[in-house]
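Below is one structure; the comments refer to it alone.
The values are calculated or read from the model by the stated rules, or taken from the named source; none is laboratory data. Since this is a predicted model, take the numbers as computed values, not measurements. Positions of Cβ are generated from backbone atoms using ideal geometry, with glycine treated the same way; all protein chains shown enter the neighbour counts. Side chains included, ligands, DNA and RNA excluded: accessible areas come from the protein's heavy atoms. Shrake-Rupley method; radii C 1.70, N 1.55, O 1.52, S 1.80 Å.
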Amino acid sequence: MNKILKKSVFFTIPVVVFLLFGLFYFSVLNKGDAVIWLNNLHTPFKDMFFKYATFIGDGVFTACMIIALLLYRPYWFIQLLTAVLSNAIVIYILKRQIFNFDRPLRILSHINPTPVDGVKIHEIYSFPSGHTNSSFVLGLILTLLIKDKKWGLFFFFIALCTAISRMYLFQHFFMDVYAGGLIGVFISLLTFYWIDKTNLKNNR
């Protein structure tokens with residue numbers, strides 16, 4: 001695990017900052033404050049930017065990344081596929097079987113969300129955010145995959161943009177993206193560690 005953490009330090013350190021910021025947010029702000037604040041910041045440029053930023057956490061984009069790794073880096077294909085499937089199972093259980101929380105459109109019914117062309121605002125299965133989860137998983141594995149580990153900062157920034165996009169587009173609360181991102185990193189680190197440990201045993 002130490003080896004994986006060292007290799008991903010430029011991604012995991014910002015994740016720790018994100019973790020601490022979340023604790024601060026929950027201690028001083030209300031559940032819907034971030035969503036309401038972002039709803040007042042809409043501009044045509046931001047609408048376009050976040051509309052496409054949210055696509056990074058989409059299942060189609062993740063599937064394309066998995067196929068690309070299958071073709072060019074089979075070992076990392078196994079890593080990513082295991083992490084994605086593990087996270088997908090956990091997110092599905094939490095989102096649909098345990099919590100089944102309503103999304104901002106229902107909870108903040110007094111707010112008229114600013115519409116973004118081509119984006120449908122959902123009403124149920126809010127917690128945790130699957131898009132954010134996927135973007136953090138991809139960010140972590142790309143950090144481990146690439147030679148220059150400093151790119152981890154960029155990959156974290158992209159994952160964070162995806163998280164913000166989910167609130168900007170009135171799809172999730174902060175607690176949804178917060179949990180989605182942290183779950184993604186935690187489960188992925190465990191799966192990467194398990195696969196590395198299994199390979200070491202098999203090569204002895």
Note to self: Please list, in order along the stretch 63-72, the HN-Hα scalar couplings obtained from phi with the Karplus expression 6.51 cos²θ - 1.76 cosθ + 1.60 (θ = phi - 60°), rounded to whole Hz, x for Gly and Pro.
What the structure shows: 4, 5, 5, 5, 5, 4, 5, 4, 6, 10
Checklist line | Rg over Rh [alpha-carbon atoms, Kirkwood Rh] for the stretch 92-204 | finding: 1.09
Checklist line | From the coordinates shown, mean projected area of the Cα convex hull in nm² corresponds to which of (i) 15.3; (ii) 12.2; (iii) 19.9 | finding: (ii)
Next item on the list: State, as an integer percentage, the relative contact order of the chain based on alpha-carbon contacts under 8 Å between residues 6 or more apart.
Entry: 34 percent
Check: For the chain, which whole percent of the accessible surface, found with a 1.4 angstrom probe, sits on carbon and sulfur atoms?
Finding: 69 percent
Notebook entry, point to check: Which residue, Val137, Val119, Val28, tops the fluctuation ranking in a GNM of the chain built on C-alpha contacts under 10 Å?
Noted result: Val28
Item checked: Within straight-line cross-link reach of Lys6, lysines at Cα separation under 25 Å, skipping those fewer than 8 residues along the same chain -> Lys147, Lys149, Lys150, Lys197, Lys201
Margin query: Only sites in a loop by DSSP and with at most 13 other Cβ atoms within 10 Å count here; which trypsin sites (Lys or Arg not before Pro) in the stretch 117-192 make the cut?
Written below: Lys120, Lys147, Lys150
Next item on the list: Please work out the FRET efficiency for the pair Asp117 and Lys197, using the Cβ-Cβ distance as r and a Förster radius of 45 Å; give the result to the nearest 0.05.
Entry: 0.40
Check: With every protein chain left in place, what is the accessible area per residue of the chain in square angstrom, probe 1.4 Å?
Finding: 54 Å²
